[in-house]
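Chemist: Can you keep this structure in mind? I'll have questions shortly.
The values are calculated or read from the model by the stated rules, or taken from the named source; none is laboratory data. The model shown is predicted, which means the values in this text are computed figures rather than measured ones. Note that each Cβ is placed from the backbone with ideal geometry, even for glycine, and that neighbours are counted across all protein chains shown. Accessible surface is based on the protein model in full, side chains and every heavy atom, while ligands, DNA and RNA are left aside. Shrake-Rupley method; radii C 1.70, N 1.55, O 1.52, S 1.80 Å.
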Amino acid sequence: MRRLLRISAALSLVALALMVWSVLVPTPMPVMLAMSLGQLLGTSSFAMFGLAVLVDLRRSRRIRRDSMQLPSLKEVLLPPERIEPAEPAEPPR
Amino acid sequence: MPHDPFAWAALAGAALSVPILIWYLVARPPLVRTTKLALLLGIGVFPILTAGSGNIAGYEATKTRRFCGSCHVMTPYAQDSEDLESTSLAARHSRNDAFGKENCYACHADYGMFGTITTKIGGLRHVYEYTFNFRQLSVAEALPRIHLLEPFTNDRCTRCHSTTVPGWRAVGDHASLVEELGRDAVSCLGNGCHGPAHPFSKPHLDEGEIEEVTR
C-alpha cells in the first residue's frame, strides 16, 4: 500500500506540474498536454489513492473481525472449569 | 502573470498540494491518521481544485488572441489585429470592448448549441495542420497557403449585428440582400461589402483548390 501511495503522490506531482505550466504559459502545447496527459495522470493518481484507501479499510476490518473471534484474556488465563461427572441415574424399581 | 481568478485558484491548489506530496515522498512518514488526512488533501482535494479551475483557465486561454497568435504563421494576423492604425475588420473588432483580446474566437467560433465543441474539434485540426504542414514554413511561405476549411458563414456576424434593426435595414445594400445574406448566398465579408477581414484573406477554396495550394 505504501508503494501505491508513493506512486500516486509522484503521479500527482507530474500532473500538477503540467497544470501549472499550462496556467503560466497558456500556449497550445502546454494547454493540450495539461488537458490530456495531465488529466490522465491526475485521475490515475487519485484512483490509486482510492485503491489504497480501500485496501486499508479492508485490512482494518479484517483485523477487527479477527480480534472479535479471538478468545478473551480471562478465557486464556484461567484454567477451564472442572465439570463434575453426572451421577448415574437410579435404576427403575 | 495570469489575471484569471481560475488560474489563481489552480496555482493556489498546486501550491498547497506540492509541499504535502514532497513531504510524503521525502520524509516517508508512518501511515497514521494525520498522514492519511494530509494525503487526502495532497492527492485528492487540492489537485482536484487545480484540475477543475485549471481546465476552465485553460479553456479561457484558448479563446485569446495570444493563444491563436502563438503559432508563428498566425503572427501577421495577430499583429494586424493589434495594430491601432489598421482598418481591417479584424483590427476594428479587436478595438471593440465586447471582443477585445478574444476577437479571433469571437468571429471564428461556431455558433449553435454544440458550437463550442465543434470549435474545439476544429482547433485540434488546426494543431494537426500546423504540426505537420505549416510548422517548418516561414511566414512568407505560409501566408499564401493559409485558408479557411469552410466558408465563413454570415451567422457569425449576425449573432451580434442584428439584421432587424431600422439602422441596418436603412442601408440600401442590406435591405436588398437580406434574403441572400440569410442563405449565405452573399457573404458579409465579400470584397466591396465589409471584407476582407484580414489584409491577407483569400476567397474560399474548394477541396481540389485547397489540395493544390497546400501541396
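Chemist: Could you look through region B:184-198, keep only residues that are closer than 16 Å to B:Ser88 by Cβ and without any contact (Cβ under 8 Å) to a residue 40 or more places away in the chain, and pick out the one that is most open to solvent (accessible area, probe 1.4 Å)? Explain how you work it out, then say what you get.
Modeler: Here is the first cut: in region B:184-198, the residues closer than 16 Å to B:Ser88 by Cβ are B:187-198.
When the remaining residues are screened for being without any contact (Cβ under 8 Å) to a residue 40 or more places away in the chain, the result is B:187-188, B:190-193.
Details: B:Ser187: 45, B:Cys188: 24, B:Gly190: 22, B:Asn191: 134, B:Gly192: 80, B:Cys193: 74 Å².
Top of the filtered list is B:Asn191.
Chemist: Just give me the residues in region B:91-107 being closer than 22 Å to A:Pro26 by Cα and either open to solvent by less than 30 Å² (accessible area, probe 1.4 Å) or part of a helix (DSSP H, G or I) (or both), in sequence order.
Modeler: B:Ser94, B:Gly100, B:Lys101, B:Glu102, B:Asn103, B:Cys104, B:Tyr105, B:Ala106, B:Cys107 - these are the residues of region B:91-107 that are closer than 22 Å to A:Pro26 by Cα and either open to solvent by less than 30 Å² (accessible area, probe 1.4 Å) or part of a helix (DSSP H, G or I) (or both).
Chemist: Still on this structure, I have one more. Just need a number here: residues in region B:117-135 that are open to solvent by less than 60 Å² (accessible area, probe 1.4 Å) and away from chain A (no Cβ under 14 Å).
Modeler: So in region B:117-135, the residues open to solvent by less than 60 Å² (accessible area, probe 1.4 Å) come out as B:119, B:122-123, B:127, B:129-130, B:134.
In the following step, the residues that additionally are away from chain A (no Cβ under 14 Å) were identified as B:119.
Adding up the residues that qualify gives 1.
Chemist: With the condition kept exactly as written, say whether any residue in region A:39-49 is at pLDDT 90 or above, within 22 Å of B:Gly123 (Cα to Cα) and more than 10 Å from chain B (Cβ to nearest Cβ).
Modeler: yes
Chemist: Select from region B:161-183 the residues that are open to solvent by 70 Å² or more (accessible area, probe 1.4 Å), more than 18 Å from B:Ala98 (Cβ to Cβ) and not in a helix (DSSP H, G or I) and list them in ascending order.
Modeler: Within region B:161-183, B:Thr164, B:Ala170, B:Arg183 qualify.
Chemist: With the requirement that a residue be aliphatic (A, V, I, L, M) and surrounded by 11 or more Cβ atoms within 10 Å (Cβ to Cβ), what does region B:136-160 give you? Steps first, answer last, please.
Modeler: Taking region B:136-160 first, the residues aliphatic (A, V, I, L, M) are B:137, B:139-140, B:142-143, B:146, B:148-149.
Within region B:136-160, B:Leu137, B:Val139, B:Ala142, B:Leu143, B:Ile146, B:Leu148, B:Leu149 qualify.
Chemist: Can you tell me which of B:Leu41, B:Leu21, B:Leu31 is facing chain A (nearest Cβ under 10 Å) and either surrounded by fewer than 22 Cβ atoms within 10 Å (Cβ to Cβ) or touching an Asp or Glu at 6+ places or on another chain (Cβ under 6 Å) (or both)?
Modeler: Details: B:Leu41 fails: facing chain A (nearest Cβ under 10 Å); B:Leu21 fails: either surrounded by fewer than 22 Cβ atoms within 10 Å (Cβ to Cβ) or touching an Asp or Glu at 6+ places or on another chain (Cβ under 6 Å) (or both).
Testing whether each residue is facing chain A (nearest Cβ under 10 Å) and either surrounded by fewer than 22 Cβ atoms within 10 Å (Cβ to Cβ) or touching an Asp or Glu at 6+ places or on another chain (Cβ under 6 Å) (or both) leaves just B:Leu31.
Chemist: Name the residue that is surrounded by the fewest Cβ atoms within 10 Å (Cβ to Cβ), counting only residues in region A:50-88 that are under 30 Å from A:Met19 (Cα atoms) and either among the β-branched types (Val, Ile, Thr) or modelled with pLDDT under 75 (or both).
Modeler: By that ranking, first place goes to A:Val55.
Chemist: Can I ask one more? Among the residues of region B:1-14, how many are open to solvent by 50 Å² or more (accessible area, probe 1.4 Å), out of contact with any Ser or Thr (no Cβ under 9 Å at 6 or more places or on another chain) and facing chain A (nearest Cβ under 10 Å)?
Modeler: Of the residues in that region, 1 qualify.
Chemist: Follow-up question, since we're still on this one. Every residue in region B:64-90 that is more than 14 Å from every other protein chain (Cβ to nearest Cβ), crowded, with 17+ Cβ neighbours inside 10 Å and outside any helix (DSSP H, G or I), please.
Modeler: Those that are more than 14 Å from every other protein chain (Cβ to nearest Cβ), crowded, with 17+ Cβ neighbours inside 10 Å and outside any helix (DSSP H, G or I): B:Ser86, B:Ser88.
Chemist: Pick from region B:44-63 the residues that are under 22 Å from B:Cys104 (Cα atoms) and open to solvent by 40 Å² or more (accessible area, probe 1.4 Å): which of them is nearest to the other protein chains (Cβ to nearest Cβ)?
Modeler: The qualifying residue nearest to the other protein chains (Cβ to nearest Cβ) is B:Asn55.
Chemist: Still on this structure, I have one more. Scan region B:92-144 for residues that are over 20 Å from B:His72 (Cβ atoms) and aliphatic (A, V, I, L, M) and jot them down.
Modeler: B:Ala98, B:Ala106, B:Ala109, B:Met113, B:Ile117, B:Ile121
Chemist: Could you tell me how many of the residues in region B:86-130 are basic (Lys, Arg) and under 12 Å from B:Ala197 (Cβ atoms)?
Modeler: 1
Chemist: Enumerate the pairs (first residue in region A:36-53 and hydrophobic (A, V, I, L, M, F, W, C); second residue anywhere and open to solvent by 70 Å² or more (accessible area, probe 1.4 Å)) with beta-carbon separation below 6 Å, excluding pairs fewer than 6 apart on the same chain, so at least 6 apart or on different chains.
Modeler: So the pair list comes out as A:Leu41/A:Val14.
Chemist: Then there is this: State all residues of region B:127-151 that are without any contact (Cβ under 8 Å) to a residue 12 or more places away in the chain and assigned to a helix (DSSP H, G or I); if no residue qualifies, say none.
Modeler: Residues satisfying the conditions are B:Val127, B:Tyr128, B:Glu129, B:Thr131, B:Phe132, B:Ala140, B:Glu141.
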